[in-house]
1. Show me 139-148, 182-191 ranked by packing, highest mean number of other Cβ atoms within 10 Å first.
2. Would you mind getting me the FRET efficiency between V101 and E157? Use the beta-carbon distance for r and R0 = 25 Å, nearest 0.05.
3. Each residue of region 193-209 in turn: what ³J(HN,Hα) in whole Hz from Karplus with 6.51, -1.76, 1.60 and θ = phi - 60°, glycine and Pro shown as x?
4. Based on the Cβ-Cβ distance of T87 and E166, what FRET efficiency does E = 1/(1 + (r/R0)^6) give at R0 = 30 Å, to the nearest 0.05?
5. What is the packing order of peptides 111-120, 210-219, taking the mean over residues of other C-beta atoms within 10 Å and listing the highest first?
6. If we sort 127-134, 81-88 on the protection proxy, mean other Cβ atoms within 10 Å, highest first, what's the order?
Amino acid sequence: MRKHTDRQLRERSKDEIPFRDMTAAQKRSYLWDYWKIPALVVIAIVAFAFSIVYSMTHTKKPLLSVTVVDCDQDIGMGQRLQDYAKTHDIPEDQVAVTDMVVGTAQTGGGAMSQAGMAFYVRMQGKSEDLVIMPEEEFNEFAESGYFLDLTSIVPAEWTDRLVVVEQRYDDYEDEQPEPMACAIRLSDIGGFPDTMYTQNAVIAISYNPAHPDTAADFLNDLLRNGGK
């Protein structure tokens with residue numbers, strides 16, 4: 001069978017021409033037209049997977065984190081954390097202070113709100129070590145099992161100054177790790193700016209900290225050096 005001329009091939013659509021009769025340029029165009037969308041999808045998936053792997057292998061998770069809840073001012077915790085890191089030879093980029101807005105039930109937030117549940121999920125995922133929040137909010141969240149019992153973590157002379165909340169657990173939960181949650185008032189620790197927030201805020205350790213030993217040591221360091 002005689003091959004089609006280039007002019008005839010140009011006059012007919014690619015769909016009417018057998019692939020073997022196409023010119024090299026037409027073959028490239030044909031393949032691109034039919035496979036460009038799947039190819040772009042594959043490229044996007046590969047790029048997304050690569051970015052996740054790169055992030056997991058190159059992003060350092062902090063060795064100690066402090067989350068300050070519902071605070072719109074600098075309370076000096078960043079400097080406290082940096083001083084601790086320097087004393088204990090922890091790289092500065094391995095400690096972090098983050099801010100989070102949760103709110104109370106009266107302001108549309110609280111433990112049962114979307115923000116509150118997100119806060120709980122962060123704790124389940126070991127994204128929190130220590131948490132600073134207003135005592136009113138701590139009392140609400142602590143009832144649902146958000147924080148550790150500090151009675152065996154802090155020095156004996158501090159146990160009578162703990163803010164203690166009995167924690168409730170659902171009957172179907174297999175583990176009931178902490179019968180009560182504890183926090184310490186920043187005003188009792190001292191060394192923080194005298195503001196409305198620090199006068200009413202407490203610090204506690206997450207019930208599922210990523211670095212429990214470091215979190216406990218940092219808290220005790222605050223207690224030892226708070227007023228200095």
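Values in this text are rule-based calculations from the coordinates and carry no lab data. Keep in mind it's a predicted model, so treat the numbers as computed, not measured. Note that each Cβ is placed from the backbone with ideal geometry, even for glycine, and that neighbours are counted across all protein chains shown.
1. Working: 139-148: 22.5, 182-191: 18.7.
By packing density, highest mean first, the sequence is 139-148, 182-191.
2. 0.15
3. The phi angles translate into x, 7, 10, 4, 5, 5, 5, 10, 9, 10, 10, 9, 9, 3, 5, 9, x Hz.
4. Details: r = 36 Å, r/R0 = 1.19.
So, using R0 = 30 Å, E works out to roughly 0.25.
5. Sorting 111-120, 210-219 by mean packing, highest first, produces 210-219, 111-120.
6. Numbers: 127-134: 24.4, 81-88: 15.1.
Going by the mean number of other Cβ atoms within 10 Å, highest first, we get 127-134, 81-88.
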